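Working notes, structure below.
The values are calculated or read from the model by the stated rules, or taken from the named source; none is laboratory data. Because the structure is a prediction, the values reported are computed rather than measured. Here the Cβ positions follow ideal geometry from the backbone for every residue, glycine too, while neighbour counts run over all protein chains shown. Please note that ligands, DNA and RNA were not included when accessible areas were found on the heavy atoms of the full protein model with its side chains. Shrake-Rupley method; radii C 1.70, N 1.55, O 1.52, S 1.80 Å.
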Amino acid sequence: MFYTIPTERPNTPLLDTINAPSDLRRLSLNELDQLVDDLRHFLLYSVGQTGGHLGAGLGVIELTVALHYCFDTPDDHLVWDVGHQTYPHKILTGRREQMATLRTKEGIAPFPSRDESPYDTFGVGHSSTSISAALGMALAKKARGTTSKTVAVIGDGAMTAGMAFEALNHAGSVDADMLVILNDNAMSISENVGGLASYFARILSSRFYLNVRQGGKKILSHLPSAQNFARKTEEHMKGMVVPGTLFDELGLNYIGPIDGHDLKALITALTNIKDQKGPQFLHLVTQKGKGFEPAEASPIGTHSMSKIETNPIGRNDKRPSYANIFGQWICDKAATDTNLMAITPAMREGSDLVAFSERFADRYFDVAIAEQHAVTLAAGLACQGMKPVVAIYSTFLQRAYDQLIHDIAIQNLDVLFAIDRAGLLEDGPTHSGVFDYGFLRCIPNVVVMAPSDESELKAMLEFGYEHPGPACVRYPRGEITGAGTEAPVQIELGRGEVRRSGQEIAILAFGSMLQTGLEVAEPLGATVVDMRFVKPLDEALITQLAREHGFIVTLEENAVQGGAGSAVNEHLAKAGYRGLLLNLGIPDEFIQPEKPSQMIKASGLDAASVLHSINAHQTAFGN
């Protein structure tokens, strides 16, 4: 058990000899135990140096070692779900010394990446995709007649999403040769049933049982009544001690649950089942943060961490974050409005809904990793006169796009979306929320707002909540930007505000880019407008600015194609504007993970880059 994160590189003699899984497969079973200790120690050190996801990786160290020991990777394919847990996998697959580059420019990715390594067979970031991807691989191998193995590793949280069960249902119906491993780190096996469950798992995974099971099926296939009796008997036997009946009904052979930290039991089970035909389902029970006492005690608080020099565990911001302001607002609002209902898809802590969940438990709904359900649940609540608030990250709202259009917007239902983590994030393209301006503003009936400071966030949440229809308030992660005001901000539908008056150049800033716009405007003597609304736009103000200025610049921390700047362009084109026009936003590429400030700079959205772009554009196209 480790109690602190090492600040100096630990001594890991056995791990240092592993440059590929083939090196690992030459070790004895006894040596694997030492490798597990080395790997856990090194993981603590490396994440302490770079920051990143900690608890999930600690929980799958034994599984990762067992998988690479039993399977012939990379010829056999491992598909990891989400990817939070893949740091040990990266360390064992030739990237040990590159771990120091995590979350840096040109460094290794925080999640599996096909461009980075042949051992990363599928790029991930969002949850619940592994079984579908692995099934596609297995079916492709079947079509080509190849014999390499396919394994999907999915967590119990990711199994709450409908996509996972859609894939399981399909896997059973096509009888694909694949193994699904459920990493269940929310369940514990108590002592009184643990021994029996482990024993039964060994029986279910034994070659004798599997061979008899397959042989029996062939014999009984000609006797339907006997086959049905045998199947029911097997189900009832399993159902007495394991929760496997559901998976058997879906057509998968359920094995487990077994202790995911018992390395020898893992290797035995994987060795026994890896050559079996048809879809197999192995249920493991693990402990998130295994081996590191603070992570075991607080698996949520240590899910991800910053560098140990700045913030060992969790956040310690001097100023409140946008999420903190939302969390306070929703509690205050719920105290005065009993119709308010809060919904989140497994983002209670990140969205700062902990206090709400405790104070208003009967009005709080964490639907787990099920974004589609979250949105349609809100629609149902709204149909019955409730006032649902959906707290969701920008990148995860993408997963519920059909429900947003079909179930909310078409019916013009009264739902407020608090869209957190908008803009660039250090976890990279899979988590950065840079497409929502574009995919929201094209939907009829939807109002889209972007606050630039604390005062505006509070005012927009209030305005969006009272607005009779779907409204979105989109804000970034981290500390509040901008000073705000003591006096309440007055929000009017589709109205922006001139923050600085100038000449010739007008900078139209959306949300988080306002402070950059104000900084750039000083040397340029430019006008700066806090646009506030992406939809509806303040067309009257834009028309006025177009008459008074010969150069209009738009600033947004969102994909520039189809974003807020494009909306301005559309209006200016209708108005016949003939002046200079420059749209600045996230370029047409996936910005790779590093510090958010560096990602902003790489996108050309820091003050120096914006000033350079404006001057260059004026020089090139001005009269």
Legend entry - Kirkwood-Stokes translational diffusion coefficient of the stretch 341-422, alpha-carbon pairs, 20 °C, 1.002 mPa s, µm²/s: 173
Legend entry - Mean Cβ count within 10 Å, highest first, over the residues of peptides 10-17, 105-112: 105-112, 10-17
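Express the C-alpha Rg of the stretch 109-172 as a ratio against the empirical globular expectation 2.2 N^0.38 Å, rounded to two decimals.
That ratio works out to 1.16.
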Inset, instruction - Search the structure for amide H atoms under 5 Å from the amide H of ARG499, placed 1.01 Å from N in the peptide plane, and list their residues when 5 or more places away or on another chain. - result: VAL528, VAL529, ASP530
Legend entry - GLN328 versus GLU8: modelled label distance in nm, points set 7 Å from Cα along the beta carbon direction: 4.4
Legend entry - With every protein chain in place, the stretch 57-100: carbon and sulfur % of accessible area (1.4 Å): 44
Inset, instruction - Using a cut-off of 14 Å between beta-carbons, work out the net charge of the residues near ARG495 (Lys and Arg +1, Asp and Glu -1, ARG495 not included). - result: -3
Inset, instruction - Write out the GluC sites (Glu not before Pro) in the stretch 544-601 meeting two conditions: DSSP loop, and at most 16 other Cβ atoms within 10 Å of their Cβ. - result: GLU589
Legend entry - Placed amide H near PHE417: partners under 5 Å, 5+ positions off or other chain: VAL390, ALA471, CYS472, VAL473
Inset, instruction - Using the structure shown, list the pairs from LYS142/LYS277; LYS90/LYS277; LYS387/LYS458 with a Cα-Cα distance above 21 Å, or answer none. - result: LYS90/LYS277
Legend entry - Interchain or long-range residues, amide H under 5 Å from VAL534's placed H: VAL448, MET449, ALA450
Inset, instruction - May I have the pair-distance distribution P(r) for the stretch 27-162, computed from all Cα-Cα distances with 5 Å bins from 0 and rounded to whole percent? - result: 2, 10, 20, 22, 20, 15, 8, 3, 1, 0
Legend entry - Computed P(r) (all Cα pairs; the stretch 22-75; 10 Å bins; percent): 23, 48, 27, 2
Legend entry - Dimensions in Å of the stretch 414-465 - Rg and Dmax from alpha carbons: 12.2, 33
Legend entry - Of every Cα-Cα pair in the stretch 437-578, the percent that sits beyond 25 Å: 22
Legend entry - Extension gain (nm, one decimal) between GLU106 and ASP75, 0.36 nm per residue minus Cα-Cα: 8.5 nm
Inset, instruction - Please sort 249-255, 434-440 by packing, taking for each peptide the average over its residues of neighbouring beta carbons within 10 angstrom, highest first. - result: 434-440, 249-255
Legend entry - Label-point gap, in nm, between ASP262 and SER597 - each point 7 angstrom along Cα→Cβ: 5.1
Legend entry - In order through the stretch 253-270: 3J(HN,Hα) via Karplus (6.51 cos²θ - 1.76 cosθ + 1.60), integer Hz, x for Gly, Pro: 7, 7, 10, x, x, 10, 6, x, 10, 8, 4, 5, 5, 4, 5, 4, 5, 5
Legend entry - Potential lengthening between GLU519 and GLU166 on full extension [0.36 nm per residue; Cα-Cα distance subtracted]: 122.0 nm
